[in-house]
Amino acid sequence: MALISLVVPAYNEEEVLEAFHREVSAEIDGLPDDFEFVFIDDGSRDRTAVIMRSLAERDSRVRAVILSRNFGHEAAIEAGLRAARGDAVIVMDADLQDGPEILPRLIAAWREGGEVVYAVRKGRKEGRLLRTAFSGFYRLAGRVMSIDLPRDAGPFSLMDRQVVDVLNHLPEKGRYFPGLRAFAGFNQVPVEAERRERLAGETKYSLVKRTLGGTNAIFSFSKLPLRLMTFMGFVMALLAIAGLIWVVVGAIIGSGSAQGWTSVMTAMFFLAAVMFIFMGIIGEYVGKIYDEVRARPNYVVAEEVGRKDTDS
Ligand code: UDP
Ligand code: MG
């Protein structure tokens, strides 16, 4: 009999946590495996941590890691993966958007040899604009990333202990979980899953957070933006040579003139804009290097709740 950990990051989820525990319990009670809940309270300002403590008191399978402040979804997942003790670890959202009815299918695919079993979102419940943005992201990611990032696969997934150990031992600080999961390799199995609507409350992701997350994902797994710079450099050089020839030839055949102030200014502004964009791109990577070198932890644990004994 295997122990399966459910890693559940939660930020201000007081409205859904009880229901989550109830629904998931109902689903896993019918399964032969042992389960542990590993809740991560990502610095919630509501009663999330209180509810976690009371769940842990009522249910010995429940453990909780309380972070010292809000560190973000990625950091919460990282904390959960480190705390999990299972032979397999499942990461799922607290808002029941990742349906508990999918759990048996994830576990079955693991039994059949899948070491990474990830849910592929069929039918999203988000608005039109956000859906377009997601699809644009995955298309871009597919083109430029150095790994094979499966489309529409979010954090919801099961990983074998071997894979979790790989992720836990990665030294890098900049983390994009679905990317690292794909990077780990092993036998990767997709499972189609309908994404539900959030049970209650608002999304904890602002548009800004989402955009930053997407940018981080691309820059973590691609050097293409840097290469683009070299490419633009060559294009500029070609243009300069062409311009030089044009000027010289013009001077020889005597059609040179002082006209063209507007075009020169336009070209200057354009060049300046291109330079600023690429300085920004370099800055992005320098910032990443800075983060890695400083090696600050991605999260701080304030408290651990639940059974302390290790039986694995
Ligand atoms: N979450 C978190 N820290 C944050 C933001 C979100 O732990 O800073 C959790 C949140 O509680 C939820 C999961 O990450 O369990 C996904 O967040 P949300 O449902 O708000 O995102 P969406 O489903 O809208 O993409
Ligand atoms: Mg959600």
Check the stretch 194-206 and report whether any residue there is away from ligand 1 (no atom under 14 Å from the Cβ) and among the β-branched types (V, I, T).
no
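Results for (1) within 16 Å of ligand 2 (Cβ to nearest atom); (2) open to solvent by less than 80 Å² (accessible area, probe 1.4 Å); (3) among the basic types (K, R), shown as yes or no for each residue.
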{"residue": "E192", "(1), (2), (3)": "no, no, no"}
{"residue": "R195", "(1), (2), (3)": "yes, yes, yes"}
{"residue": "R198", "(1), (2), (3)": "yes, yes, yes"}
{"residue": "G201", "(1), (2), (3)": "yes, yes, no"}
{"residue": "R210", "(1), (2), (3)": "yes, yes, yes"}
{"residue": "L238", "(1), (2), (3)": "no, no, no"}
{"residue": "G243", "(1), (2), (3)": "no, yes, no"}
{"residue": "V248", "(1), (2), (3)": "no, yes, no"}
{"residue": "M268", "(1), (2), (3)": "no, no, no"}
K173 is checked against (1) away from ligand 1 (no atom under 16 Å from the Cβ); (2) out of contact with any helix residue (DSSP H, G or I) (no Cβ under 7 Å at 6 or more places or on another chain); (3) farther than 30 Å from M268 by Cβ and fails just one. What number does that condition carry?
(2)
Do the conditions hold for R63, that is, is it outside any helix (DSSP H, G or I), touching a helix residue (DSSP H, G or I) at 6+ places or on another chain (Cβ under 7 Å), more than 9 Å from ligand 1 (Cβ to nearest atom) and of a type outside the set (G, A, S)?
yes
Hey, among the residues in the stretch 1-48 that are assigned to a helix (DSSP H, G or I) and of a type in the set (V, I, T), which one's farthest from E202 (Cα to Cα)?
I28
Which one is nearest to I28 (Cα to Cα), of the residues in the stretch 73-106 that are in contact with a Leu (Cβ under 7 Å, 6 or more places away or on another chain) and open to solvent by 10 Å² or more (accessible area, probe 1.4 Å)?
P104
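Residues of the stretch 107-137 being crowded, with 18+ Cβ neighbours inside 10 Å, over 20 Å from the mean Cα position of the chain (by Cα) and not in a helix (DSSP H, G or I), which ones? Reasoning before the result, please.
Kept after step one, since they are crowded, with 18+ Cβ neighbours inside 10 Å, are these residues of the stretch 107-137: 107, 109-110, 114-119, 121, 134, 137.
Cutting the leftovers down to over 20 Å from the mean Cα position of the chain (by Cα) gives us 107, 109-110, 114.
Residue satisfying the conditions is G114 alone.
Among the residues of the stretch 51-62, is there at least one that is among the hydroxyl-bearing types (S, T, Y) and more than 29 Å from A2 (Cβ to Cβ)?
Keep residues of the stretch 51-62 that are among the hydroxyl-bearing types (S, T, Y), which gives 54, 60.
Cutting the leftovers down to more than 29 Å from A2 (Cβ to Cβ) gives us none.
Looking through the stretch 51-62, none of the residues is among the hydroxyl-bearing types (S, T, Y) and more than 29 Å from A2 (Cβ to Cβ).
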Within the stretch 116-126, is even one residue over 29 Å from H169 (Cα atoms) and either aromatic (F, W, Y) or without any contact (Cβ under 8 Å) to a residue 12 or more places away in the chain (or both)?
yes
Is it fair to say L149 is touching a residue at least 24 places away in the same chain (Cβ under 8 Å), away from ligand 2 (no atom under 16 Å from the Cβ) and within 16 Å of the chain's Cα centre (by Cα)?
yes
Return the residue satisfying two criteria in turn: it lies in the stretch 52-72 and is open to solvent by 50 Å² or more (accessible area, probe 1.4 Å) and in contact with a strand residue (DSSP E or B) (Cβ under 7 Å, 6 or more places away or on another chain), and of such residues it is farthest from F20 (Cα to Cα).
S68
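Could you tell me whether the stretch 5-21 includes any residue that is free of Cβ contacts under 8 Å to residues at least 12 places away in the same chain and away from ligand 2 (no atom under 16 Å from the Cβ)? Steps first, answer last, please.
So in the stretch 5-21, the residues free of Cβ contacts under 8 Å to residues at least 12 places away in the same chain come out as none.
Taking every residue of the stretch 5-21 in turn, none turns out to be free of Cβ contacts under 8 Å to residues at least 12 places away in the same chain and away from ligand 2 (no atom under 16 Å from the Cβ).
The values are calculated or read from the model by the stated rules, or taken from the named source; none is laboratory data. From a predicted model like this one, the values you see are computed outputs, not experimental measurements. FYI the Cβ positions are ideal-geometry reconstructions off the backbone, even for glycines, and counts take in every protein chain you see. Remember, those area values only see protein heavy atoms, side chains included, never the ligands or the DNA or RNA. Shrake-Rupley method; radii C 1.70, N 1.55, O 1.52, S 1.80 Å.
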